[in-house]
1. Looking at E64, E89, E55, can you tell me which residue is more than 16 Å from G108 (Cβ to Cβ), modelled with pLDDT of 95 or more and either under 17 Å from the mean Cα position of the chain (by Cα) or surrounded by 14 or more Cβ atoms within 10 Å (Cβ to Cβ) (or both)?
2. Quick one: in region 79-111, which of the residues that are assigned to a strand (DSSP E or B), hydrophobic (A, V, I, L, M, F, W, C) and more than 14 Å from the ligand (Cβ to nearest atom) is farthest from V50 (Cα to Cα)?
3. Do we find that G76 is at pLDDT 95 or above and surrounded by fewer than 15 Cβ atoms within 10 Å (Cβ to Cβ) in this structure?
4. Being over 15 Å from Y104 (Cα atoms), hydrophobic (A, V, I, L, M, F, W, C) and surrounded by 14 or more Cβ atoms within 10 Å (Cβ to Cβ) is the requirement here; does V29 meet it?
Amino acid sequence: MAGSPGRPGNSDPTRERREEVATRARPKVRRPPRFKVVLFNDDYTPMEFVVALLEQIFDKGPSEATQLMLKVHRSGAAVAGVYVLEVAETKLASVHRRAEDRGYPLRGGIEPE
Ligand code: TYC
């Protein structure tokens, strides 16, 4: 069970692992799951504030940030960015903290990609 029968020198599990890595034609790449940070519209958060957050937290340029803010404003929600879970949580926490600091009701959420 431990090694491939009929292949000499395969009984050492250390050696077997090494061999597998070296000979796999298409190495399996483990991509960590990704999560969308979604911003929701509200009636009170100023547009310029949302644009500034999109630039500063989500690394958007001024034009993309403005388009994205308007998408949220017109459709109710939009994806600000897609990240591994820890990064998505940190960015959303920054959004909420900065909005709360200013007394704005801006909220966002995290969804699996
Ligand atoms: N609807 C807000 C306004 O008219 C602007 C806004 C945009 C608020 C995006 C939140 O996620 C948001 N001032």
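1. E64
2. V84
3. Judged against the criteria, G76 is a match.
4. no
The values are calculated or read from the model by the stated rules, or taken from the named source; none is laboratory data. If you're wondering where the values come from, they're calculated on a predicted model, not measured in any experiment. Glycine also receives a Cβ, built like all others from the backbone with ideal geometry; neighbour counts cover every protein chain displayed.
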